[in-house]
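The values are calculated or read from the model by the stated rules, or taken from the named source; none is laboratory data. These figures come from a predicted structure and were not determined experimentally. Here the Cβ positions follow ideal geometry from the backbone for every residue, glycine too, while neighbour counts run over all protein chains shown. What goes into the accessible areas is simple: the full protein's heavy atoms, side chains included, and nothing from ligands, DNA or RNA. Shrake-Rupley method; radii C 1.70, N 1.55, O 1.52, S 1.80 Å.
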Amino acid sequence: MRHANVVIVGAGHGGAQAAIALRQGGFDGTILMIGDEPELPYERPPLSKDYLAGDKTFDRLLIRKAEFWAERSIDFLLGTRVEAVDPVARQLHCADGTPIGYDRLVWAAGGTPRRLACEGAGADGVHHIRTRADIDALTADLDRIETVAVVGGGYIGLEAAAVLAKLGKRVVLFEAADRVLARVAGADLSRFFEDEHRAHGVTLHLSSNVAAIETAEGRACGIRLADGAVIAAQLVIVGIGIVPAVAPLLAAGAAGGNGVRVDDHCRTSLPDVYAIGDCALHANRYAGGAEIRLESVQNANDQATVAARAILGMPASYDAVPWFWSNQYDLKLQTVGLSAGHDATVLRGGPADRRFSVVYLKDGVVVALDCVNAVKDYVAGRALVAGAVRADPAQLADPDMPLKSMATQTSIST
């Protein structure tokens with residue numbers, strides 16, 4: 001039976017950072033990373049942007065070259081799926097029957113794209129965006145495609161729509177909510193991006209529920225909505241979130257549900273088993289202490305470092321300010337904090353200038369910012385969010401008033 005002192009399940013951002021942090025911290029035991037894809041760890045955010053657009057080749061997405069891992073004696077078992085965990089015997093059981101022993105286990109398996117639960121969801125021509133193979137399959141279809149239907153108005157759907165519109169495809173986007181980005185942003189930002197996409201030729205269908213994928217000879221040919229309307233399309237991209245890949249841990253008795261529950265050291269309820277990244281359900285003070293999963297590279301990397309330090313016996317606890325980004329057309333959106341639960345917004349600058357910020361407040365305290373082509377606001381806004389600063393809305397609304405001055409001059413809320 002193969003054995004490693006630390007086994008990392010998942011060869012994405014979190015898994016890679018965990019291995020790197022262990023070696024940087026002086027860990028000299030054996031490290032084995034298990035990934036269900038055949039590739040070495042690579043960056044996922046560019047998949048729906050630069051890689052889909054053809055602006056970056058895959059080798060430029062690699063987090064590190066093969067030599068890096070070899071020089072640090074970090075081993076890989078790729079193209080392998082872990083199906084079961086035995087926390088008593090400290091063994092993993094892989095889909096091919098291979099048993100793997102571990103002393104410490106870091107679960108960084110991420111998630112799988114959520115599928116539509118309707119007729120035609122599994123037809124040819126229905127694509128998801130999560131892996132390199134997903135994008136390769138999608139781009140192989142594009143040459144003979146005129147119209148693309150995008151289901152989901154979140155970041156993945158909007159980024160894919162932007163790239164495909166730039167590639168000259170007719171894009172039709174469907175969102176069940178009454179605005180795009182409804183789960184993560186306020187109405188000001190939603191309406192701005194809706195206008196931008198329409199200006200680039202994207203047709204938006206809001207408050208639209210997909211009832212079925214229309215097919216012809218087993219291949220997608222359109223979208224049928226709940227009201228009976230049918231919109232023709234030769235290719236469908238579904239971007240409606242992910243399902244956290246935690247079934248083996250939950251089956252082994254780990255606490256959780258929508259993810260596996262971890263403490264502030266990224267420890268699960270199973271002995272010497274840690275979980276990080278998209279699949280880790282944790283109490284987050286920027287969400288008012290609620291248990292959430294954060295699907296971001298930042299979260300995966302930060303939690304990976306915490307888990308590595310915990311394994312090394314070093315002091316560490318997870319308390320990072322959440323941040324995200326999205327590139328669409330020539331727009332760079334940078335978000336800091338979590339806007340869920342806000343009770344007021346302040347618009348800083350004008351969307352017409354395509355350079356503005358939306359500041360979110362709760363009980364007068366800055367909890368998040370969405371910054372469009374406004375890097376200075378984003379950088380200074382991190383301090384406002386981290387410090388839970390109580391700011392004057394009139395000052396926040398004045399684009400000539402630097403946010404940096406508010407972070408240093410305004411009293412911190414308690």
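Observations on the structure shown:
- Failed condition for V163, given (1) in a helix (DSSP H, G or I); (2) among the hydrophobic types (A, V, I, L, M, F, W, C); (3) under 21 Å from G218 (Cα atoms); (4) in contact with a strand residue (DSSP E or B) (Cβ under 9 Å, 6 or more places away or on another chain): (3)
- Unique residue being among the aliphatic types (A, V, I, L, M), at pLDDT 95 or above and out of contact with any helix residue (DSSP H, G or I) (no Cβ under 6 Å at 6 or more places or on another chain) when the list is A216, A160: A216
- Condition check for E37: modelled with pLDDT of 95 or more, among the acidic types (D, E), in a helix (DSSP H, G or I) and open to solvent by 10 Å² or more (accessible area, probe 1.4 Å): no
- Criterion: over 23 Å from the mean Cα position of the chain (by Cα), of a type in the set (V, I, T) and open to solvent by less than 30 Å² (accessible area, probe 1.4 Å) - qualifying residue of I213, I242, I237: I213
- Restricting attention to the stretch 40-67, the residues that are touching a helix residue (DSSP H, G or I) at 6+ places or on another chain (Cβ under 6 Å), assigned to a loop (DSSP other than H, G, I, E, B) and farther than 24 Å from A18 by Cβ add up to 2.
- Lone unmet requirement of (1) touching a helix residue (DSSP H, G or I) at 6+ places or on another chain (Cβ under 6 Å); (2) modelled with pLDDT of 95 or more for V238: (1)
- Subset tally (residues that are open to solvent by less than 50 Å² (accessible area, probe 1.4 Å) and touching a helix residue (DSSP H, G or I) at 6+ places or on another chain (Cβ under 8 Å)) for the stretch 93-108: 3
- Taking the criterion of being in a strand (DSSP E or B) and of a type in the set (D, E), the only residue of the stretch 209-248 that qualifies is E214.
- For the stretch 313-333, a residue qualifies if it is more than 30 Å from A162 (Cα to Cα), of a type outside the set (D, E, K, R), open to solvent by 50 Å² or more (accessible area, probe 1.4 Å) and in contact (Cβ under 8 Å) with a residue 40 or more places away in the chain, and the qualifying residues are M314, S317.
- Candidate set: the stretch 248-302, residues that are open to solvent by 50 Å² or more (accessible area, probe 1.4 Å) and of a type in the set (D, E); chosen: the one nearest to T112 (Cα to Cα): E295
- Taken together, T268, T215 contain a single residue that is touching a Cys at 6+ places or on another chain (Cβ under 8 Å) and over 20 Å from V163 (Cα atoms), which is T215.
- The criterion of at least 2 residues that are farther than 30 Å from A108 by Cβ is met, among strands (runs of 3 or more DSSP E) falling completely within the stretch 300-402, by 344-350, 355-362, 365-372.
- Residue match in the stretch 19-30 (condition: under 25 Å from H127 (Cα atoms) and either of a type outside the set (S, T, Y) or touching a residue at least 24 places away in the same chain (Cβ under 8 Å) (or both)): no
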